[in-house]
Each structure stands twice: as structure tokens, then as C-alpha cells.
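In what follows, a single structure is set out as C-alpha cells and then discussed.
Bear in mind these aren't lab numbers, they're just calculated from the coordinates by the rules spelled out. Keep in mind that what you see is a predicted model, and the values were worked out from it rather than measured. Cβ placement follows ideal geometry from the backbone for every residue including glycine, while neighbour counts extend to all protein chains displayed.
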Amino acid sequence: MDFKHEIAKIVAQAANMDIDEVVANIETPPDPNLGDFSFPCFKLAKAMKKAPQVIAAELKSDIATPSFVQSVEQTGPYLNFFVKRDIYIPEVLSKISSQGEDFGRATIGNGGCIVIDYSHPNMAKPFHVGHLRSTVIGHALYNIFNFLGYRSFSINYLGDWGTQFGKVIAAYENWGNEAEVHEGGIRELNRLYVKFHEEVEVNKELDDEARAWHKKMEQGDEYAMKLWQWFKDISMEEYAKIYELFGIEFDSYQGESYYNDKMQPVVEELKQSGVMKEDQGAWIVDLEEYKMPPCIVLRSDGGTLYATRDITSVLHRKEEYNFVQALYVTSHEQTLHFAQVFKVVELMGYDWAADQLLHVPFGYMNLPEGKMSTRKGKVLLMEDLLEQTFEKIGEIIEQKNPNIESKEKVAKQVGIGAIIFNDLYNSRIKDVEFSWERMLSFEGETGPYVQYTHARCSSVLAKAQTDFADADLSLLTTDEEFALAKILNSFPEKAAEAAQKYEPYIISRFVMQAAQAFNKFYHENPILKVDGDLQKARLYLVHCTKTVIATALGLLGISSPQEM
Ligand code: ARG
């Protein structure tokens, strides 16, 4: 039984409203004294030409109280419903238990393909914590959409072409050598890249050198391409390590270079359709009407640009994957870029562009010293970040629980969990302030706290060693038990909301609430110390909590260790 829906039915009938509209309006009051479900009457006021509190009072007297409802009360403009705990809790928990890890799963997506462009680091530059955000957000969205019945398709649009390669090659030719690159890998490439930017300050000719190398690449020069492939391989190896730690695989690695030979026909199409015009030798799409600067498609030297590739990527992906939606997960710095690209595609006559293309922007990840920049070398390398995280978590675990098996594996799971949770705890667009202390705490609103709660559930269940499948769930009646059941029951709704808003933090907040409610329950309601039937019922609740927490963490890309 879906309680919200049942209540909506009754209200819809009494108020002569559409049931879906009522469902959309029903709230869950944060204060349980105001009921378990609440229907605000503000919206009806205008149509009915009555004060909302009058409507609420009238509805109250019109409504026949259904059997699962304890009481209906009017509080000001709200109609509040109190459900019977001994019906509600058993209903909710048996549903969770029977659906198991599918609890919350839905078919809303109807199998439609959602292409998600995320992570997309720029090769020969290191994968720094700035890239992390795209990876973590994109991966969570990938999981969430799959969970809701879409077919997610991930594309890692590697920055594997462009002028930065010219710079790295120039730097390599000037100050690098084969042995050192072999030895140092991406760190050495980064050193060369940073050195280039230092040296070019005093020696402008280096820029010409870099441009010349880039040009050679464009012409397919054998030596330049050999270096390019080598640097790309080194970068890929590095990224692969990171993706493995995060448990991420991509469905495609079609990077920027993939589009090298695919832009020409699109450029032709743009010319022929008249969307693009010549402007001082360059080719641009005028977007003044849409209050945007022109989108430059071809430079005056005929060179293509970031936008040229992305216009091509959109059209190519539509053709290849026939998506119902294509998402591009990047920092908000690229908002204008995507607005221009999407508008150009729309102007080309592809009217699906307006609905189906979406930029999913996010804020910065701020290190304590401020914004990071690869060029100035002020970057926290992923490798260092991960290493330090694992080390610190390892120390905490050593203190808390020195006897657990596979300590190293757990430290990794918890470290990764901490990093992801820290990133996904707020609305995407907010900047993330990076702080070791906050991120790694087992007590605050952190990944480790939630994972620890899951481990606590596991340990209670393991200690009990009782079969609770036939528990009498109507014995669960305390405020904490009820509050926890209510929160668990909201998971399907939260998952749908996260997808609808492209906001993984809805899931993070949910799972945090669930963990907090569980711990409250755990502290106030003894489990192993009580006997027989009540113990079984409580174990059943623990089991349901564990299931839902694991599913929710899974959507975020976080694993749920059994002990830590
Ligand atoms: N590599 C780019 C960067 O780091 C992001 C690529 C985003 N995806 C795209 N199709 N443009 O800024």
C-alpha cells in the first residue's frame, strides 16, 4: 500500500481535485506532531474563494477516516493525517524486505538512453581534485538514472587533443627526456607542463614552438603523433588507476581527438544551412538575438575550436545513441559554451536540442589555499589526495577497530566514500570547501558516519544470529522506530527527485537522515538486550535500514563495508 497515494485519493475526492495534483502537494511535516502527511490548502483558496483554514476545516469534516489513519486534524491551513503505526510500520518494512536492493527502483525512464559526458580530464595534465567533481557527480547521475529505468551511457570525453599537447611536446623537446618521462609518468608530464608556463613568461617564442608542434599533430606528423600517443597512454594508465579505485567504468572513451575527422561535414552543414556566416575571415554563428556572444566555429586560419567539436559531439551522439537526453557535467565556467553549442544545434533545425540537451554545472572544489590551477602547479594531485586519505582513514580504523579483517581494503572503501560524500553533500552548484578534518570525521555529516552506521547494522545482525523473517512488526511502535520507518519509506521518492533535479545531494541528504534516525533508534531502543519477539521485530528494522542505506550509498558510488 502506498500511504501517500491512499490519502491523496481521499482528499482528491473530498476536494474535487485531480489525484496527481494532490499527491504532488502532500508534504511530510518535519515535526511529527504535525502529522505524518499533510495537505496544505493554500492552492485551493483562490479557486474556492475561501480562506485556506476554512477549506482545511471543511475537508476535515467531509473526509471519511480510512482504516489505516489514526486521526485527521486541521492546523491552520493544513489538513494533517496521523497514520496508525501498527499498520504503517509493518506495511513499509515488509515491502522493503521483500524488494531488497530493488526497493526504490523504478521504470520511470522506460528504457530511454541518457548519455552522460563526465570526468573528461585533459591529458598530459594531471587528474586533480577539480576533475574529481565531474567524475563523482556524473557517476552518481549514471547510477541514479539506471536505477530509475533509463539506460545510462557514460562518455569520457577525454581532452586528448589541442594546444596543450603542443606545449608539452615543446617542453619535452626543450627540457625533458625519455628516461625521465618513463620514470615519472604523469608527474613528469605535469612538471614539463608547468615549466612551459613559467618559461614562456620570459621567452615568448616558446608559444610559437608549441603552436608549431600542435600544427604538426594536426598534419599527422609521425614523430609528433608518436609523442602524443605516448603521453596519452601514460595519462590513461594514471586515470585507469583512479577509476578502478572509484569503481567506475566508462561505456565510451570517445575523446576530443575522436572528432578530428568528423567535424568537416558538420561545418559544411552549418555553412549550407546559412546558420553560420563569415566574419573577418572567421566563421561564426551570430547569437545576439539570444543575448549571447557569437559562437565561433572556424578561426580565421581555418582551425576548429572547442565549440566545433561539441556541436559535432552532440549530433554524433544523437545519431549513434538516439538519446532521450544528453548531459554534459562540467564546472559552471562552461555554462556559456554549452548554451551556445546547444543553441547552434537548435538553429540547425534540430528541434530536439531545446529539450534534450542539458548542461549540468557545478561549483569549484576549493583547497584551503583557494582555487586550484594546473598551470601554476598549485594543485593537489589525485594520487596524493588518495594516498593521504587512505593513510588517515587507516589510522582511525586502527584506533577504533584494530581487529577487523582486510583493513587496507576497508580503508580504501571508507576513504573513497569520504571523498565522494564530501563532494555530493550539497547542491552541485555550490563550491566544495575541502577539509580533511570535516571529510574524514566518523561523527559529522560524512561518508564514514553513514558507512559506520551500515557496519553497525551488520554487526548487530551478526551478533544476534536470529532468524527474524517471521517477526511480528506490529510490535514496533516507539517514536524512533516510527521515525526511521518513515524515512526509509521516502527513499523511492527521493531517488526520483534526485533524477528529476539532476542532484545527487538529495540522495546524500536522505541517507544521512536515515543514518541519524537509525542511530537515534539504536541508542534509545535496546535490541539485543530485549527478548524474543520484540528483538526479532527490531532486527527486522535493522535489516531494512541496512538494505536501504547500502542501496542509497551504492547510487552515490560508495560501497558499504560490513565492518570498519
Ligand atoms: N575536458 C574539458 C575540461 O576539462 C571538459 C569537457 C567537457 N565535455 C565536453 N563535451 N565539452 O574543461
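Observations on the model:
- For region 378-433, average projected area of the Cα convex hull in nm²: 4.6 nm²
- By the beta-carbon count within 10 Å of each Cβ, the least crowded to most crowded order of Lys536, Lys392, fewest first, is Lys392, Lys536.
- Anisotropy class assigned to region 373-469 is prolate, per the alpha carbon gyration tensor with a/c at or over the 1.5 cut-off and a/b larger than b/c.
- For region 488-525, the residues whose amide N sits under 19 Å from a probe point set 7 Å from the Cα of Ile19 along the beta carbon direction are 493.
- A simple rule links phi to the HN-Hα coupling: the Karplus curve 6.51 cos²θ - 1.76 cosθ + 1.60 with θ = phi - 60°, which for region 439-445 gives 5, 9, 5, 8, 10, x, 8 Hz, with x for Gly and Pro.
- C-alpha center-to-center spacing [region 158-192, region 243-318] in angstrom: 26 Å
- Alpha carbon centroid spacing (whole Å) that separates region 98-131 from region 218-241: 27 Å
- Beta bridges per DSSP, both residues in region 45-154: antiparallel share near 60 percent.
- Residue separation of Lys262 and Met292 scaled by 0.36 nm, minus their Cα-Cα distance, works out to 8.2 nm of gained length.
- When shorter helices are ignored and each DSSP H run of at least 4 residues is given -39500 (n - 2.57), the per-residue value for the chain at 222 nm works out to -18000 deg cm²/dmol.
- 3J(HN,Hα) couplings calculated from phi for region 17-31 with the Karplus curve 6.51 cos²θ - 1.76 cosθ + 1.60 (θ = phi - 60°) are, in sequence order, 10, 6, 4, 4, 5, 5, 3, 5, 8, 5, 10, 9, x, x, 9 Hz; Gly and Pro show x.
- Spin-label proximity, Glu199 to region 136-171 - amide N less than 16 Å from point 7 Å beyond Cα toward beta carbon: 164-171
- Relative contact order of the chain, pairs being alpha-carbon contacts under 8 Å that are 6 or more residues apart, as %: 15 percent
- Percent of beta bridges antiparallel (DSSP, the chain, rounded to nearest 5): 50 percent
- Average Cα contact separation per residue, region 115-173, under 8 Å, 6 or more apart, as relative contact order %: 47 percent
- Net length gained if the chain between Leu358 and Glu278 were fully extended (0.36 nm per residue, minus Cα distance): 26.0 nm
- Two-site FRET efficiency, Thr478 against Asn146, from Cβ-Cβ distance with R₀ of 45 Å, rounded to 0.05: 0.80
- Interchain or long-range residues, amide H under 5 Å from Val275's placed H: none
- Order of Trp175, Trp161 under a 10 Å beta carbon neighbour criterion, fewest first: Trp175, Trp161
- For the chain, the share of alpha carbon pairs falling in successive 10 Å distance bins from zero is 3, 15, 21, 22, 17, 11, 7, 3, 0 percent.
- Under Karplus coefficients 6.51, -1.76 and 1.60, residue-wise ³J(HN,Hα) of region 284-289 in Hz, glycine/proline x: 9, 10, 6, 10, 4, 4
- Taken over the Cα atoms of region 78-198, the convex hull encloses 211 Å³ per residue.
- Sites listed here are trypsin sites (Lys or Arg not before Pro) in region 137-246 whose DSSP assignment is loop and whose Cβ has at most 16 other Cβ atoms within 10 Å: Lys204.
- Under 5 Å, built H, 5+ apart or other chain: amide partners of Gly149: Ala106, Gly109
- Within-11-Å neighbourhood charge of Met292 [Cβ basis; K, R +1; D, E -1]: -1
- Long-range Cα-Cα pairs in region 7-117 (distance over 24 Å), rounded percent: 38 percent
- Potential lengthening of the chain between Thr65 and Asn177 amounts to 32.2 nm, from the contour at 0.36 nm per residue minus the alpha-carbon distance.
- Listed by Cβ neighbour count within 10 Å, with the fewest neighbours leading, Ile10, Ile396 appear as Ile396, Ile10.
- Cut-off under 5 Å, modelled amide H: who pairs with Gln70 long-range: Phe82, Val83, Lys84
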